[in-house]
Structures are given as C-alpha cells and as structure tokens.
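Below is one structure, written out as structure tokens, with a few remarks after it.
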Amino acid sequence: MCLLLGAAGVGKTLLVKRLQKLSSRDCKGDLGEPPPTLPTVGTNLTDIVAQRKITIRELGGCMGPIWSSYYGNCHSLLFMMDASNPTQLSASCVQLLGLLSSEQLAEASVLILFNKIDLPCYMTIEEIKSLIRLPDIIACAKQNITTLEISARKGTGLAKVLHWLQDEHRSSR
Ligand SMILES: Nc1nc2c(ncn2[C@@H]2O[C@H](COP(=O)(O)OP(=O)(O)O)[C@@H](O)[C@H]2O)c(=O)[nH]1
Ligand SMILES: [Mg+2]
C-alpha cells in the first residue's frame with residue numbers, strides 16, 4: 001500500500017489518473033489531455049500495475065486529523081505540495097513534519113512531490129528548499145526521502161514517479 005497525502009487541490013487525483021494511464025498498456029508515451037478531476041470526498045483507492053500491483057490510497061487534505069488511522073500497512077508515502085502556492089507550502093510543511101515524526105511511518109520510504117511546475121509562477125526546488133528548510137527536514141528524518149518536481153498536467157516527471165514506486169515496491173512486504 002502506498003499512501004498519497006497532501007492539501008486539497010494540489011493535484012493528487014490527477015496524479016493517480018496519470019500514473020494509471022502511464023502504466024497501462026495502451027499508453028505509448030502519449031498522455032493526452034488531462035482528465036477532469038472532482039474534489040475527492042473521503043478517500044480514493046487506485047491500483048497501478050507497475051511490474052506488480054501497487055495500491056495507492058489518496059487521502060484528502062481535509063482528512064488530515066485522521067490520516068494516522070491509515071498509516072498501519074503503509075509501505076511508501078507520496079507527499080504532494082503545490083509549488084505554485086507559497087502560502088500553502090508552509091502549512092503543508094507542518095503536516096509533513098507530523099508525518100515524518102510518526103512512529104508508524106518510521107519504516108516507510110517517502111517521495112515529496114512538488115507539483116504544478118507548468119504554471120508560470122511556480123517556485124523552483126531551490127526556492128522551496130530554503131523556504132521550508134528542506135535539507136534540515138531530510139537530515140533529521142528517520143525515513144529515506146526523495147524529492148521530485150512534477151507536473152501532473154503536462155506529464156513532466158511522472159515516469160520518474162512510476163520508477164520510484166516500482167523500486168520501492170519491488171521487494172515489498
Ligand atoms: N496547472 C496545473 N494544474 C494541475 C496540476 N495538477 C493538478 N492540477 C489541477 O488542480 C486541480 C485539483 O486537482 P486534483 O487532482 O483534484 O487535486 P487533489 O485535491 O489533490 O486531488 C484540478 O483542476 C487539476 O486539473 C498541474 O501539474 N498543473
Ligand atoms: Mg483528490
């Protein structure tokens with residue numbers, strides 16, 4: 001099980017739809033137009049077949065208070081932030097610190113995704129790093145943390161997300 005967490009509207013649903021398309025046989029590198037998404041009510045489960053079946057559970061930002069009830073069998077964690085929204089970044093950072101300090105997630109591998117880099121006003125990873133002091137966060141965390149800049153809309157970086165998932169779930173429990 002892979003958990004996908006992040007504030008509302010950062011692009012989680014679009015990401016899973018894109019990953020599903022990307023991993024399906026009929027996608028020959030062409031993602032096409034981004035499919036419409038509706039705000040997720042509660043939680044959303046999606047299976048992706050990338051060599052083996054990986055189930056991604058999206059949990060909406062407003063479910064933050066009960067995120068921890070899903071930590072139990074979480075092997076990997078995707079944490080998504082909106083790189084075009086500096087005000088939301090700091091709030092997301094607080095949520096991220098909470099996740100990283102959770103005992104139940106101590107063994108999980110973490111991929112932090114900075115989405116929406118297709119927007120003209122997005123912050124680069126360097127800017128975000130200094131804003132939320134990312135190097136300190138990574139140095140203090142028990143987990144293995146990777147970061148990626150992506151655009152779920154344009155498809156930028158999504159192949160790397162899929163590879164990360166494949167790697168993490170290769171010898172999965
Ligand atoms: N410009 C841009 N918009 C995006 C991107 N990813 C998602 N969106 C849009 O952001 C909105 C919220 O997306 P959604 O996947 O429902 O967010 P969720 O609440 O995190 O599940 C939708 O209108 C998406 O089309 C992206 O990479 N770039
Ligand atoms: Mg959603």
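The values are calculated or read from the model by the stated rules, or taken from the named source; none is laboratory data. Values in this document were obtained by computation on a predicted structure and should not be read as measured data. Counting neighbours? That spans all protein chains shown, and the Cβs are built from the backbone with ideal geometry, glycine included. Side chains are part of the model used for accessible areas, which takes the heavy atoms of the whole protein and leaves out ligands, DNA and RNA. Shrake-Rupley method; radii C 1.70, N 1.55, O 1.52, S 1.80 Å.
Length gained on full extension, Asn73 to Lys142: 23.1 nm, using 0.36 nm per residue less the C-alpha separation. Using a cut-off of 25 Å between Cα atoms, the listed pairs Lys12/Lys160; Lys53/Lys129; Lys21/Lys142; Lys53/Lys160 include Lys53/Lys129; Lys21/Lys142 as exceeding that distance. Classify the chain from the C-alpha gyration tensor, please: rounded if a/c falls under 1.5, else prolate or oblate depending on whether a/b exceeds b/c. Rounded is the answer for the chain, as its axis ratio a/c remains below 1.5. Within the listed set Leu131, Leu78, Leu162, the residue fluctuating most in the Gaussian network model of the chain (springs between alpha-carbon atoms under 10 angstrom) is Leu131. Accessible area per residue for the chain is 50 Å², calculated with a 1.4 Å probe on protein heavy atoms, without ligands, DNA or RNA. Considering only Gln143, Gln95, Gln51, the mean-square fluctuation computed in a Gaussian network model of the chain, springs between alpha carbons under 10 angstrom, is largest for Gln51.
For Lys116, list the aspartates and glutamates whose Cα falls under 13 Å from its own Cα; do not include residues on the same chain fewer than 8 positions away. Leaving aside aspartates and glutamates fewer than 8 places away in the same chain, those within reach of Lys116 are Asp82, Glu149.
Please list Val110, Val49 from largest to smallest accessible area, probe radius 1.4 Å, with all protein chains kept in place. Intermediate results must be reported in sequence, preceding the final value.
On the way: Val110 0, Val49 95 Å².
These residues rank, largest area first, as Val49, Val110.
Among Arg133, Arg57, Arg18, the largest mean-square fluctuation in a Gaussian network model of the chain (Cα springs under 10 Å) belongs to Arg133. At 1.4 Å probe size, with the rest of the protein present, what percent of the exposed accessible area of segment 7-89 is carbon and sulfur atoms? Heavy-atom surface of segment 7-89 belonging to carbon and sulfur, 1.4 Å probe: 55 percent.
For segment 6-114, give me the percentage of DSSP beta bridges that are antiparallel, rounded to the nearest 5 percent.
If we restrict to bridges inside segment 6-114, about 55 percent are antiparallel.
Apply 1/(1 + (r/R0)^6) to the Cβ-Cβ distance of Ala159 and Leu119, taking R0 = 30 Å, and write down the FRET efficiency to the nearest 0.05.
On the way: r = 20 Å, r/R0 = 0.68.
The value I calculate is 0.90.
What base-10 log of the normalised intensity I(q)/I(0) is obtained for segment 48-95 from the Debye formula, alpha carbons as equal point scatterers, at q = 0.13, 0.16 Å⁻¹? Evaluating at q = 0.13, 0.16 Å⁻¹ gives log10 I(q)/I(0) of -0.41, -0.59. Computed from phi, the 3J(HN,Hα) profile of segment 151-168 under the Karplus parametrisation 6.51, -1.76, 1.60 (θ = phi - 60°) reads 9, 5, 6, 7, x, 4, x, 5, 5, 5, 5, 4, 4, 4, 4, 4, 4, 5 Hz, with x in place of Gly and Pro.
How high is the relative contact order of the chain, in percent, counting Cα pairs under 8 Å that sit 6 or more residues apart? Intermediate values should be presented prior to the final figure.
Details: 282 pairs, mean separation 45.2, N = 173.
Relative contact order comes out at 26 percent.
What's the extension gain from Leu31 to Thr43 if we count 0.36 nm per residue and subtract their Cα-Cα distance? Intermediate values should be presented prior to the final figure.
Numbers: separation 12, 0.36 × 12 = 4.32 nm, distance 2.45 nm.
Result: 1.9 nm gained on full extension.
Quick check on the chain: helices-only [θ] at 222 nm, where DSSP H runs of length 4 and up contribute -39,500 (n - 2.57) each and the sum goes over total residues. Nearest 500, please. Working shown, then result.
Values: 5 runs with 53 residues, N = 173.
-9000 deg cm²/dmol, from helical runs alone.
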